[in-house]
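In what follows, a structure is listed as C-alpha coordinates, so that the remarks can point back to it.
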Amino acid sequence: MNVNSRTAEKIAKGFIWVIALTVIAVLIFIIAFILYRGLSVINWEFLTSVPRRSGRIGGIASPIVGTLSVTVLAVMIAMPFGVGTAFYLAEYTRGGIVTRIIRFCTESLAGIPSIIYGLFGFIFFVDVLGLDWSILSGGLTVAIMILPTLIRTSEEAIRSVPKTYREVSYSLGGTKWQTIRKAVVPSAIRGISNGLILSVGRCVAETAALIMTAGDELVMPRSVMDSSRTMAVHFYTLVMEGLSERNAYGTAAVLIILVFLINVVANAMINRFVAKGR
Amino acid sequence: MANKISINKLNFYYGEKLAIENLNLKIPANEIMSIIGPANSGITTLLRTMNRLCDLTPDVKIEGDVLLDGQSIFSEHSSVTELRRRVGIVFDVPTPLPMSIFDNVSYGPRLARKRNKKPLSEIVEKALTEAALWDEVKDRLKIPAMSLSGGQQQRLCLARVLALEPEVVLLDRPCSGLDPISTAKIEESLVELKKKFTIIISPHNTQQAARISDRVAFMLMGKLIEEGANIEVFSTPKDQRTNDYIRGRFG
(Lines give C-alpha, C1' and ligand atoms only; values in the text may rest on other atoms or scores of the structure.)
Protein backbone atom coordinates (compact mmCIF):
# COMPACT_ATOMS: atom_id res chain seq x y z
CA MET A 1 0.00 0.00 0.00
CA ASN A 2 1.51 3.34 -0.98
CA VAL A 3 1.33 6.56 1.03
CA ASN A 4 -1.44 8.00 -1.09
CA SER A 5 -3.90 5.19 -0.61
CA ARG A 6 -3.03 5.07 3.06
CA THR A 7 -3.88 8.75 3.43
CA ALA A 8 -7.09 8.23 1.52
CA GLU A 9 -7.93 5.37 3.88
CA LYS A 10 -7.40 7.64 6.89
CA ILE A 11 -9.45 10.47 5.45
CA ALA A 12 -12.31 8.14 4.57
CA LYS A 13 -12.27 6.62 8.02
CA GLY A 14 -12.18 10.00 9.71
CA PHE A 15 -14.97 11.29 7.51
CA ILE A 16 -17.24 8.36 8.33
CA TRP A 17 -16.45 8.71 12.03
CA VAL A 18 -17.35 12.39 12.05
CA ILE A 19 -20.63 11.78 10.23
CA ALA A 20 -21.62 8.95 12.55
CA LEU A 21 -20.72 10.94 15.65
CA THR A 22 -22.68 13.96 14.41
CA VAL A 23 -25.80 11.88 13.89
CA ILE A 24 -25.49 10.21 17.26
CA ALA A 25 -24.83 13.56 18.95
CA VAL A 26 -27.92 15.14 17.41
CA LEU A 27 -30.11 12.21 18.44
CA ILE A 28 -28.76 12.16 21.97
CA PHE A 29 -29.17 15.93 22.23
CA ILE A 30 -32.84 15.78 21.24
CA ILE A 31 -33.62 12.98 23.65
CA ALA A 32 -31.60 14.53 26.47
CA PHE A 33 -33.21 17.94 25.92
CA ILE A 34 -36.73 16.57 26.10
CA LEU A 35 -36.00 14.35 29.05
CA TYR A 36 -34.27 17.25 30.84
CA ARG A 37 -37.30 19.49 30.39
CA GLY A 38 -39.84 16.73 30.89
CA LEU A 39 -38.60 14.38 33.58
CA SER A 40 -39.14 16.89 36.38
CA VAL A 41 -42.82 17.02 35.45
CA ILE A 42 -43.33 13.27 35.64
CA ASN A 43 -44.57 11.87 38.91
CA TRP A 44 -47.19 9.38 39.96
CA GLU A 45 -49.84 12.08 40.04
CA PHE A 46 -49.01 13.13 36.46
CA LEU A 47 -49.25 9.57 35.17
CA THR A 48 -52.49 8.63 36.93
CA SER A 49 -54.74 11.67 36.76
CA VAL A 50 -56.68 12.91 33.76
CA PRO A 51 -55.96 16.36 32.29
CA ARG A 52 -58.00 19.24 33.71
CA ARG A 53 -58.73 22.70 32.30
CA SER A 54 -57.84 21.49 28.78
CA GLY A 55 -54.53 20.10 30.04
CA ARG A 56 -53.23 23.21 31.75
CA ILE A 57 -53.15 21.24 34.97
CA GLY A 58 -53.64 17.59 35.84
CA GLY A 59 -51.95 14.57 34.33
CA ILE A 60 -52.05 12.53 31.15
CA ALA A 61 -53.69 9.27 32.24
CA SER A 62 -56.37 9.36 29.53
CA PRO A 63 -53.96 10.19 26.67
CA ILE A 64 -51.75 7.29 27.81
CA VAL A 65 -54.72 4.92 27.71
CA GLY A 66 -55.79 6.41 24.38
CA THR A 67 -52.35 5.92 22.86
CA LEU A 68 -52.03 2.34 24.05
CA SER A 69 -55.50 1.33 22.95
CA VAL A 70 -55.25 2.91 19.49
CA THR A 71 -51.83 1.30 19.00
CA VAL A 72 -52.82 -2.17 20.19
CA LEU A 73 -55.99 -2.06 18.12
CA ALA A 74 -54.20 -0.86 14.98
CA VAL A 75 -51.45 -3.47 15.23
CA MET A 76 -53.91 -6.26 15.97
CA ILE A 77 -55.98 -5.32 12.94
CA ALA A 78 -53.05 -4.70 10.59
CA MET A 79 -50.85 -7.64 11.57
CA PRO A 80 -52.86 -10.53 10.09
CA PHE A 81 -53.50 -8.64 6.85
CA GLY A 82 -49.98 -7.27 6.54
CA VAL A 83 -48.12 -10.46 7.37
CA GLY A 84 -50.59 -12.53 5.37
CA THR A 85 -50.12 -10.37 2.29
CA ALA A 86 -46.35 -10.55 2.74
CA PHE A 87 -46.48 -14.35 2.78
CA TYR A 88 -48.66 -14.34 -0.30
CA LEU A 89 -46.23 -12.06 -2.14
CA ALA A 90 -43.11 -13.91 -1.03
CA GLU A 91 -44.23 -17.54 -1.12
CA TYR A 92 -47.39 -18.08 -3.10
CA THR A 93 -46.91 -16.11 -6.25
CA ARG A 94 -44.35 -15.84 -8.95
CA GLY A 95 -45.12 -12.32 -10.08
CA GLY A 96 -48.45 -12.31 -11.86
CA ILE A 97 -50.81 -9.43 -12.42
CA VAL A 98 -52.29 -9.68 -8.91
CA THR A 99 -48.84 -9.38 -7.37
CA ARG A 100 -48.06 -6.32 -9.41
CA ILE A 101 -51.33 -4.68 -8.42
CA ILE A 102 -50.70 -5.37 -4.72
CA ARG A 103 -47.12 -4.07 -4.98
CA PHE A 104 -48.20 -0.94 -6.79
CA CYS A 105 -50.92 -0.24 -4.25
CA THR A 106 -48.72 -0.76 -1.21
CA GLU A 107 -46.01 1.41 -2.66
CA SER A 108 -48.49 4.16 -3.43
CA LEU A 109 -50.05 3.85 0.02
CA ALA A 110 -46.63 4.18 1.63
CA GLY A 111 -46.10 7.57 0.03
CA ILE A 112 -49.39 9.16 1.07
CA PRO A 113 -49.21 11.73 3.91
CA SER A 114 -51.01 10.68 7.06
CA ILE A 115 -53.49 13.57 6.92
CA ILE A 116 -54.99 11.96 3.80
CA TYR A 117 -55.52 8.75 5.74
CA GLY A 118 -57.08 10.93 8.40
CA LEU A 119 -59.46 12.43 5.87
CA PHE A 120 -60.38 9.00 4.55
CA GLY A 121 -60.87 7.68 8.08
CA PHE A 122 -63.03 10.65 8.94
CA ILE A 123 -65.26 10.23 5.92
CA PHE A 124 -65.43 6.45 5.90
CA PHE A 125 -65.16 5.21 9.48
CA VAL A 126 -66.41 8.25 11.41
CA ASP A 127 -69.16 9.34 9.06
CA VAL A 128 -70.24 6.62 6.62
CA LEU A 129 -69.88 3.68 9.01
CA GLY A 130 -71.07 5.89 11.86
CA LEU A 131 -68.31 4.89 14.24
CA ASP A 132 -68.00 8.51 15.32
CA TRP A 133 -64.78 9.91 16.71
CA SER A 134 -63.56 6.88 18.57
CA ILE A 135 -60.59 4.71 19.42
CA LEU A 136 -62.00 2.19 16.93
CA SER A 137 -62.07 4.72 14.07
CA GLY A 138 -58.57 5.85 14.95
CA GLY A 139 -57.26 2.29 15.24
CA LEU A 140 -58.75 1.29 11.89
CA THR A 141 -57.33 4.36 10.17
CA VAL A 142 -53.85 3.89 11.57
CA ALA A 143 -54.06 0.17 10.77
CA ILE A 144 -54.45 1.01 7.08
CA MET A 145 -51.66 3.54 7.40
CA ILE A 146 -49.13 1.03 8.76
CA LEU A 147 -50.06 -1.74 6.32
CA PRO A 148 -47.51 -0.78 3.63
CA THR A 149 -44.61 -0.72 6.10
CA LEU A 150 -45.74 -3.99 7.59
CA ILE A 151 -46.09 -5.69 4.20
CA ARG A 152 -42.77 -4.35 2.96
CA THR A 153 -40.71 -5.29 6.03
CA SER A 154 -42.37 -8.69 6.43
CA GLU A 155 -41.92 -9.55 2.77
CA GLU A 156 -38.28 -8.55 3.00
CA ALA A 157 -37.85 -10.72 6.08
CA ILE A 158 -39.49 -13.72 4.41
CA ARG A 159 -37.47 -13.32 1.24
CA SER A 160 -34.22 -13.12 3.16
CA VAL A 161 -34.73 -16.64 4.53
CA PRO A 162 -32.17 -18.76 2.63
CA LYS A 163 -33.65 -20.77 -0.24
CA THR A 164 -31.89 -23.88 1.05
CA TYR A 165 -34.13 -23.98 4.15
CA ARG A 166 -37.14 -24.35 1.90
CA GLU A 167 -35.44 -26.92 -0.32
CA VAL A 168 -34.41 -28.98 2.70
CA SER A 169 -37.90 -28.89 4.10
CA TYR A 170 -39.48 -29.91 0.80
CA SER A 171 -36.86 -32.60 0.29
CA LEU A 172 -37.79 -34.11 3.64
CA GLY A 173 -41.39 -34.48 2.57
CA GLY A 174 -42.69 -31.16 3.82
CA THR A 175 -45.81 -29.66 2.29
CA LYS A 176 -45.87 -25.99 1.40
CA TRP A 177 -47.63 -25.00 4.59
CA GLN A 178 -45.37 -27.17 6.78
CA THR A 179 -42.36 -25.65 5.08
CA ILE A 180 -43.58 -22.12 5.69
CA ARG A 181 -44.48 -22.84 9.30
CA LYS A 182 -41.44 -24.83 10.36
CA ALA A 183 -38.62 -23.65 8.12
CA VAL A 184 -39.49 -20.13 6.96
CA VAL A 185 -41.36 -18.51 9.86
CA PRO A 186 -38.78 -19.25 12.57
CA SER A 187 -36.13 -17.52 10.50
CA ALA A 188 -38.30 -14.67 9.32
CA ILE A 189 -39.96 -13.85 12.63
CA ARG A 190 -37.20 -11.54 13.79
CA GLY A 191 -37.52 -9.36 10.71
CA ILE A 192 -41.31 -9.46 10.92
CA SER A 193 -41.14 -8.38 14.55
CA ASN A 194 -38.87 -5.51 13.63
CA GLY A 195 -41.49 -4.39 11.12
CA LEU A 196 -44.11 -4.60 13.86
CA ILE A 197 -41.99 -2.48 16.19
CA LEU A 198 -41.57 0.11 13.44
CA SER A 199 -45.32 0.12 12.96
CA VAL A 200 -45.92 0.54 16.67
CA GLY A 201 -43.63 3.54 16.56
CA ARG A 202 -45.68 5.06 13.77
CA CYS A 203 -48.93 4.48 15.68
CA VAL A 204 -47.56 6.06 18.83
CA ALA A 205 -46.23 9.05 16.93
CA GLU A 206 -49.26 9.69 14.71
CA THR A 207 -51.15 12.95 15.18
CA ALA A 208 -52.80 14.29 12.04
CA ALA A 209 -54.76 11.17 11.15
CA LEU A 210 -55.86 10.64 14.73
CA ILE A 211 -57.13 14.16 15.40
CA MET A 212 -59.59 13.56 12.57
CA THR A 213 -60.63 10.04 13.57
CA ALA A 214 -60.09 9.44 17.28
CA GLY A 215 -60.94 12.98 18.30
CA ASP A 216 -59.44 14.85 21.21
CA GLU A 217 -61.61 13.92 24.20
CA LEU A 218 -59.81 14.32 27.52
CA VAL A 219 -62.10 12.14 29.63
CA MET A 220 -60.88 8.61 30.35
CA PRO A 221 -62.30 6.35 27.58
CA ARG A 222 -64.55 3.51 28.72
CA SER A 223 -64.63 1.49 25.50
CA VAL A 224 -63.20 1.52 21.97
CA MET A 225 -66.32 3.40 20.91
CA ASP A 226 -65.27 6.41 23.01
CA SER A 227 -63.24 9.27 21.65
CA SER A 228 -59.81 9.75 23.17
CA ARG A 229 -56.77 11.80 22.33
CA THR A 230 -53.39 10.13 22.15
CA MET A 231 -50.26 11.52 23.78
CA ALA A 232 -48.95 12.87 20.50
CA VAL A 233 -52.24 14.70 19.88
CA HIS A 234 -52.26 15.93 23.47
CA PHE A 235 -48.73 17.24 23.11
CA TYR A 236 -49.63 18.96 19.84
CA THR A 237 -52.66 20.66 21.39
CA LEU A 238 -50.79 21.79 24.48
CA VAL A 239 -48.08 23.42 22.42
CA MET A 240 -50.16 24.86 19.57
CA GLU A 241 -52.77 26.35 21.84
CA GLY A 242 -50.17 27.55 24.35
CA LEU A 243 -51.86 25.72 27.19
CA SER A 244 -48.91 24.39 29.14
CA GLU A 245 -45.36 24.03 27.91
CA ARG A 246 -44.48 22.24 31.12
CA ASN A 247 -47.06 19.52 30.63
CA ALA A 248 -46.18 19.29 26.93
CA TYR A 249 -42.60 18.39 27.77
CA GLY A 250 -43.83 15.96 30.40
CA THR A 251 -46.00 14.26 27.77
CA ALA A 252 -43.13 14.15 25.29
CA ALA A 253 -40.86 12.59 27.89
CA VAL A 254 -43.42 9.90 28.70
CA LEU A 255 -43.84 9.25 24.96
CA ILE A 256 -40.10 8.78 24.49
CA ILE A 257 -39.84 6.49 27.48
CA LEU A 258 -42.83 4.49 26.23
CA VAL A 259 -41.29 3.99 22.78
CA PHE A 260 -38.02 3.03 24.44
CA LEU A 261 -39.79 0.50 26.69
CA ILE A 262 -41.69 -1.01 23.76
CA ASN A 263 -38.42 -1.52 21.92
CA VAL A 264 -36.66 -3.09 24.89
CA VAL A 265 -39.55 -5.39 25.79
CA ALA A 266 -40.13 -6.45 22.19
CA ASN A 267 -36.46 -7.23 21.64
CA ALA A 268 -36.25 -9.15 24.90
CA MET A 269 -39.29 -11.18 23.87
CA ILE A 270 -37.82 -11.92 20.45
CA ASN A 271 -34.55 -13.03 21.99
CA ARG A 272 -36.32 -15.12 24.58
CA PHE A 273 -38.70 -16.96 22.28
CA VAL A 274 -37.21 -16.87 18.84
CA ALA A 275 -33.47 -16.91 18.90
CA LYS A 276 -33.05 -20.35 20.43
CA GLY A 277 -31.40 -23.03 18.37
CA ARG A 278 -29.23 -20.65 16.41
CA MET B 1 -31.83 -58.08 -9.45
CA ALA B 2 -34.88 -55.81 -9.49
CA ASN B 3 -34.48 -52.28 -10.68
CA LYS B 4 -35.33 -49.76 -8.00
CA ILE B 5 -35.43 -46.87 -10.42
CA SER B 6 -35.84 -46.91 -14.18
CA ILE B 7 -35.35 -43.76 -16.17
CA ASN B 8 -36.91 -43.92 -19.60
CA LYS B 9 -36.15 -41.52 -22.44
CA LEU B 10 -35.82 -38.56 -20.11
CA ASN B 11 -35.56 -35.08 -21.62
CA PHE B 12 -35.23 -32.17 -19.23
CA TYR B 13 -35.52 -28.54 -20.25
CA TYR B 14 -34.84 -25.33 -18.34
CA GLY B 15 -36.97 -23.01 -20.44
CA GLU B 16 -35.67 -23.69 -23.95
CA LYS B 17 -32.35 -25.11 -22.82
CA LEU B 18 -32.00 -28.87 -22.94
CA ALA B 19 -30.21 -30.06 -19.78
CA ILE B 20 -30.73 -33.81 -20.07
CA GLU B 21 -31.16 -35.52 -23.43
CA ASN B 22 -32.80 -38.87 -24.03
CA LEU B 23 -31.45 -40.51 -20.91
CA ASN B 24 -32.11 -44.17 -20.16
CA LEU B 25 -30.77 -45.66 -16.95
CA LYS B 26 -31.70 -48.57 -14.73
CA ILE B 27 -30.64 -48.43 -11.11
CA PRO B 28 -30.67 -51.75 -9.21
CA ALA B 29 -31.77 -51.93 -5.59
CA ASN B 30 -29.31 -52.10 -2.72
CA GLU B 31 -26.31 -50.98 -4.70
CA ILE B 32 -24.29 -47.81 -4.86
CA MET B 33 -24.61 -46.17 -8.25
CA SER B 34 -22.12 -43.42 -8.96
CA ILE B 35 -22.94 -40.87 -11.61
CA ILE B 36 -19.73 -39.18 -12.68
CA GLY B 37 -19.02 -36.39 -15.11
CA PRO B 38 -17.67 -32.86 -15.29
CA ALA B 39 -19.63 -29.87 -14.03
CA ASN B 40 -22.68 -28.91 -16.07
CA SER B 41 -23.33 -32.47 -17.22
CA GLY B 42 -26.86 -32.51 -15.84
CA ILE B 43 -26.08 -34.77 -12.90
CA THR B 44 -27.56 -32.46 -10.25
CA THR B 45 -30.60 -31.98 -12.45
CA LEU B 46 -30.97 -35.75 -12.79
CA LEU B 47 -30.74 -36.29 -9.03
CA ARG B 48 -33.22 -33.51 -8.34
CA THR B 49 -35.59 -35.03 -10.87
CA MET B 50 -35.65 -38.36 -9.06
CA ASN B 51 -37.41 -36.88 -6.04
CA ARG B 52 -39.06 -34.09 -8.00
CA LEU B 53 -37.24 -31.30 -6.21
CA CYS B 54 -36.91 -29.85 -9.70
CA ASP B 55 -40.60 -28.94 -9.33
CA LEU B 56 -39.42 -25.99 -7.24
CA THR B 57 -37.55 -24.48 -10.18
CA PRO B 58 -39.78 -22.33 -12.35
CA ASP B 59 -40.12 -23.00 -16.06
CA VAL B 60 -38.87 -26.57 -16.34
CA LYS B 61 -40.23 -29.14 -18.78
CA ILE B 62 -39.83 -32.87 -18.41
CA GLU B 63 -40.43 -35.52 -21.07
CA GLY B 64 -40.08 -39.24 -20.66
CA ASP B 65 -40.61 -41.03 -17.38
CA VAL B 66 -38.97 -42.06 -14.13
CA LEU B 67 -40.25 -45.22 -12.48
CA LEU B 68 -39.80 -46.00 -8.82
CA ASP B 69 -40.58 -49.67 -8.19
CA GLY B 70 -42.33 -49.65 -11.56
CA GLN B 71 -44.59 -46.71 -10.73
CA SER B 72 -44.22 -43.38 -12.48
CA ILE B 73 -43.18 -40.65 -10.07
CA PHE B 74 -44.98 -38.09 -12.23
CA SER B 75 -48.31 -39.89 -12.18
CA GLU B 76 -51.19 -37.88 -10.82
CA HIS B 77 -51.93 -40.58 -8.28
CA SER B 78 -48.55 -40.41 -6.59
CA SER B 79 -47.96 -37.89 -3.86
CA VAL B 80 -44.89 -35.69 -4.10
CA THR B 81 -44.38 -35.55 -0.35
CA GLU B 82 -44.61 -39.34 -0.14
CA LEU B 83 -42.08 -39.62 -2.99
CA ARG B 84 -39.66 -37.33 -1.20
CA ARG B 85 -39.94 -39.37 1.96
CA ARG B 86 -39.04 -42.49 -0.03
CA VAL B 87 -36.28 -40.79 -2.02
CA GLY B 88 -34.15 -38.56 0.20
CA ILE B 89 -31.43 -36.19 -0.92
CA VAL B 90 -28.21 -34.83 0.61
CA PHE B 91 -27.00 -31.62 -1.01
CA ASP B 92 -23.49 -30.63 -2.05
CA VAL B 93 -23.09 -28.17 0.83
CA PRO B 94 -24.17 -28.97 4.38
CA THR B 95 -27.63 -27.51 4.91
CA PRO B 96 -28.52 -27.73 8.58
CA LEU B 97 -31.69 -25.88 9.50
CA PRO B 98 -31.29 -23.20 12.18
CA MET B 99 -32.46 -25.42 15.01
CA SER B 100 -30.99 -28.00 17.36
CA ILE B 101 -29.34 -31.23 16.25
CA PHE B 102 -32.30 -33.20 17.58
CA ASP B 103 -34.85 -31.00 15.81
CA ASN B 104 -32.91 -31.24 12.56
CA VAL B 105 -32.84 -35.02 12.54
CA SER B 106 -36.44 -35.35 13.69
CA TYR B 107 -37.68 -32.74 11.18
CA GLY B 108 -38.88 -35.24 8.57
CA PRO B 109 -40.53 -37.71 10.96
CA ARG B 110 -42.27 -34.86 12.78
CA LEU B 111 -43.79 -33.65 9.50
CA ALA B 112 -44.77 -37.19 8.59
CA ARG B 113 -46.55 -37.48 11.95
CA LYS B 114 -44.97 -40.81 12.64
CA ARG B 115 -44.42 -39.93 16.25
CA ASN B 116 -46.92 -42.46 17.55
CA LYS B 117 -45.16 -45.37 15.98
CA LYS B 118 -41.81 -44.92 17.60
CA PRO B 119 -40.49 -42.30 20.00
CA LEU B 120 -38.60 -39.55 18.18
CA SER B 121 -35.58 -40.04 20.41
CA GLU B 122 -35.21 -43.62 19.11
CA ILE B 123 -35.51 -42.52 15.51
CA VAL B 124 -32.94 -39.79 16.06
CA GLU B 125 -30.46 -42.10 17.77
CA LYS B 126 -30.79 -44.72 15.05
CA ALA B 127 -30.36 -42.22 12.23
CA LEU B 128 -27.37 -40.53 13.82
CA THR B 129 -25.77 -43.91 14.47
CA GLU B 130 -26.24 -44.94 10.85
CA ALA B 131 -24.66 -41.67 9.73
CA ALA B 132 -21.69 -42.28 12.08
CA LEU B 133 -22.35 -39.14 14.08
CA TRP B 134 -24.05 -40.43 17.23
CA ASP B 135 -20.92 -40.82 19.35
CA GLU B 136 -19.81 -37.27 18.65
CA VAL B 137 -23.09 -35.56 19.49
CA LYS B 138 -25.05 -37.84 21.84
CA ASP B 139 -24.42 -35.59 24.85
CA ARG B 140 -25.35 -32.34 23.13
CA LEU B 141 -28.39 -33.01 20.98
CA LYS B 142 -29.92 -29.70 22.07
CA ILE B 143 -27.15 -27.48 20.75
CA PRO B 144 -27.64 -25.59 17.46
CA ALA B 145 -26.74 -27.74 14.46
CA MET B 146 -24.96 -24.75 12.93
CA SER B 147 -22.26 -25.01 15.60
CA LEU B 148 -21.07 -28.39 14.30
CA SER B 149 -18.10 -28.66 11.96
CA GLY B 150 -18.72 -28.91 8.21
CA GLY B 151 -18.11 -32.65 8.15
CA GLN B 152 -20.41 -33.21 11.11
CA GLN B 153 -23.06 -31.02 9.52
CA GLN B 154 -22.98 -33.11 6.37
CA ARG B 155 -23.36 -36.33 8.35
CA LEU B 156 -26.21 -34.64 10.18
CA CYS B 157 -27.87 -33.99 6.81
CA LEU B 158 -27.42 -37.66 5.94
CA ALA B 159 -28.93 -38.64 9.30
CA ARG B 160 -31.83 -36.29 8.66
CA VAL B 161 -32.62 -38.16 5.45
CA LEU B 162 -32.14 -41.58 7.07
CA ALA B 163 -34.55 -40.65 9.87
CA LEU B 164 -37.35 -40.90 7.33
CA GLU B 165 -36.31 -44.50 6.60
CA PRO B 166 -36.24 -43.84 2.87
CA GLU B 167 -35.74 -46.44 0.16
CA VAL B 168 -33.39 -44.43 -2.01
CA VAL B 169 -30.75 -41.93 -0.89
CA LEU B 170 -29.47 -39.39 -3.40
CA LEU B 171 -26.18 -37.68 -2.64
CA ASP B 172 -25.12 -34.71 -4.73
CA ARG B 173 -21.36 -34.32 -4.28
CA PRO B 174 -21.80 -34.76 -0.55
CA CYS B 175 -18.10 -34.62 0.21
CA SER B 176 -17.07 -31.51 -1.68
CA GLY B 177 -15.36 -29.24 0.76
CA LEU B 178 -15.03 -31.89 3.45
CA ASP B 179 -11.83 -33.07 5.09
CA PRO B 180 -10.56 -36.60 4.30
CA ILE B 181 -11.60 -37.99 7.70
CA SER B 182 -15.20 -36.83 7.37
CA THR B 183 -15.23 -38.07 3.79
CA ALA B 184 -13.99 -41.49 4.91
CA LYS B 185 -16.68 -41.65 7.58
CA ILE B 186 -19.42 -40.83 5.10
CA GLU B 187 -18.07 -43.39 2.62
CA GLU B 188 -17.96 -46.07 5.31
CA SER B 189 -21.55 -45.38 6.29
CA LEU B 190 -22.66 -45.50 2.67
CA VAL B 191 -21.12 -48.92 2.10
CA GLU B 192 -22.87 -50.11 5.27
CA LEU B 193 -26.15 -48.43 4.33
CA LYS B 194 -26.56 -50.00 0.91
CA LYS B 195 -27.76 -53.16 2.65
CA LYS B 196 -30.90 -51.21 3.50
CA PHE B 197 -31.11 -48.52 0.85
CA THR B 198 -30.42 -47.88 -2.79
CA ILE B 199 -27.77 -45.20 -3.02
CA ILE B 200 -27.20 -42.88 -5.95
CA ILE B 201 -24.24 -40.60 -5.56
CA SER B 202 -22.55 -37.94 -7.58
CA PRO B 203 -19.06 -38.42 -6.13
CA HIS B 204 -16.75 -35.46 -5.87
CA ASN B 205 -14.03 -37.24 -7.82
CA THR B 206 -13.52 -40.40 -9.82
CA GLN B 207 -11.40 -41.99 -7.07
CA GLN B 208 -14.33 -41.82 -4.72
CA ALA B 209 -16.52 -43.43 -7.36
CA ALA B 210 -13.98 -46.21 -7.78
CA ARG B 211 -13.74 -46.78 -4.02
CA ILE B 212 -17.38 -47.12 -3.12
CA SER B 213 -19.62 -47.82 -6.07
CA ASP B 214 -21.03 -51.02 -7.48
CA ARG B 215 -22.00 -49.43 -10.75
CA VAL B 216 -20.81 -46.29 -12.49
CA ALA B 217 -22.55 -44.07 -15.01
CA PHE B 218 -20.71 -41.38 -16.96
CA MET B 219 -22.60 -38.30 -18.09
CA LEU B 220 -21.40 -35.54 -20.37
CA MET B 221 -23.32 -32.47 -21.56
CA GLY B 222 -26.65 -33.91 -20.51
CA LYS B 223 -26.14 -37.28 -22.14
CA LEU B 224 -25.43 -40.66 -20.63
CA ILE B 225 -22.24 -41.84 -22.32
CA GLU B 226 -21.64 -45.12 -20.60
CA GLU B 227 -22.92 -47.21 -17.72
CA GLY B 228 -21.65 -50.44 -16.25
CA ALA B 229 -20.15 -52.28 -13.31
CA ASN B 230 -17.50 -50.32 -11.42
CA ILE B 231 -14.53 -52.45 -12.52
CA GLU B 232 -15.61 -52.59 -16.14
CA VAL B 233 -16.03 -48.87 -16.52
CA PHE B 234 -12.78 -48.04 -14.81
CA SER B 235 -10.59 -50.74 -16.36
CA THR B 236 -12.10 -51.19 -19.80
CA PRO B 237 -14.26 -48.19 -20.70
CA LYS B 238 -16.07 -48.67 -23.96
CA ASP B 239 -16.22 -45.03 -24.96
CA GLN B 240 -13.18 -42.90 -25.68
CA ARG B 241 -14.65 -39.92 -23.79
CA THR B 242 -15.16 -42.05 -20.67
CA ASN B 243 -11.60 -43.19 -20.96
CA ASP B 244 -10.34 -39.62 -21.28
CA TYR B 245 -12.41 -38.47 -18.31
CA ILE B 246 -11.40 -41.19 -15.88
CA ARG B 247 -7.76 -40.87 -16.89
CA GLY B 248 -8.01 -37.18 -16.05
CA ARG B 249 -7.52 -35.82 -19.56
CA PHE B 250 -10.40 -33.38 -19.03
CA GLY B 251 -13.05 -32.52 -16.45
*In degrees, nearest 10, range 0 to 90: what is the angle between the Cα axis of helix A:185-205 and the longest Cα principal axis of chain A?*
20 degrees
*Estimated dipole of the stretch A:72-200 in Debye, rounded to 20 [Cβ of Lys and Arg +1, of Asp and Glu -1, Cα centre]*: 660 debye
*Within-13-Å neighbourhood charge of residue A:241 [Cβ basis; K, R +1; D, E -1]*: +1
*Starting from the stretch B:148-251, pick out the chymotrypsin sites (Phe, Trp or Tyr not before Pro) whose DSSP state is loop and whose Cβ has at most 11 other Cβ atoms within 10 Å.*
B:250
*When Lys and Arg each count +1 and Asp and Glu each count -1, what net charge do the other residues less than 12 Å away from residue B:181, Cβ to Cβ, add up to?*
-2
*Taking H placed 1.01 Å from N in the peptide plane, check which residues at least 5 places from residue B:34 or on another chain put their amide H under 5 Å from its amide H.*
B:201, B:214, B:215, B:216, B:217
*Where nothing but the Cβ of Lys and Arg (+1) and of Asp and Glu (-1) is charged, how large is the charge dipole of the stretch B:3-246 around its Cα centre, in debye to the nearest 20?*
720 debye
_Residue-averaged 222 nm ellipticity for chain B, from DSSP H runs of 4+ at -39500 (n - 2.57), nearest 500_ = -9500 deg cm²/dmol
_Along the charge dipole of chain B, pointing to its positive end and built from +1/-1 on Cβ of Lys, Arg, Asp and Glu, which listed residue (B:243, B:200, B:137) has its Cα farthest out?_
B:137
*How much net charge surrounds residue A:214 when only the other residues with a Cβ under 15 Å from the Cβ of residue A:214 are counted, with Lys and Arg +1 and Asp and Glu -1?*
-3
*asked:* Could you tell me the ratio Rg/Rh of the protein assembly as shown? Both radii from Cα atoms, Rh via Kirkwood.
replied: 1.13
*In square angstrom, what is the accessible area per residue of chain A with a 1.4 angstrom probe?*
54 Å²
*Against the longest alpha carbon principal axis of chain A, how many degrees, from 0 to 90 and to the nearest 10, is the axis of helix A:135-159 turned?*
20 degrees
*Report, ordered by chain and residue number, the aspartates and glutamates lying within cross-link reach of residue B:238, taken as a straight Cα distance under 19 Å and ignoring same-chain residues fewer than 8 apart.*
B:214, B:226, B:227
*asked:* Using a Cα-Cα cut-off of under 18 Å, which lysines could be cross-linked to residue B:195, ignoring same-chain neighbours fewer than 8 residues away?
replied: B:4, B:126, B:185
*How big is the accessible area of residue A:65 in square angstrom, nearest 10, if you roll a 1.4 angstrom probe over the protein chains?*
60 Å²
*trypsin sites (Lys or Arg not before Pro) within the stretch A:183-253: which are DSSP loop residues with at most 14 other Cβ atoms inside 10 Å?*
A:222
*Pull up the cross-link candidates among the aspartates and glutamates for residue B:223, meaning alpha carbon to alpha carbon under 20 Å and not fewer than 8 places away within one chain.*
B:16, B:21, B:63, B:65, B:172, B:232, B:239, B:244
*Which is the longest part of chain B that has none of the GluC sites (Glu not before Pro) sitting in a DSSP loop with at most 13 other Cβ atoms within 10 Å?*
B:77-251
*asked:* Taking 8 Å as the Cα distance limit and 6 or more residues as the minimum spacing, I'd like the relative contact order of chain A as a percentage.
replied: 27 percent
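The values are calculated or read from the model by the stated rules, or taken from the named source; none is laboratory data. All figures in this text were calculated on a predicted structure; none of them were measured in a lab. Glycine also receives a Cβ, built like all others from the backbone with ideal geometry; neighbour counts cover every protein chain displayed. Quick note on the areas: whole protein, heavy atoms, side chains included, nothing else; ligands and nucleic acids left out. Shrake-Rupley method; radii C 1.70, N 1.55, O 1.52, S 1.80 Å.
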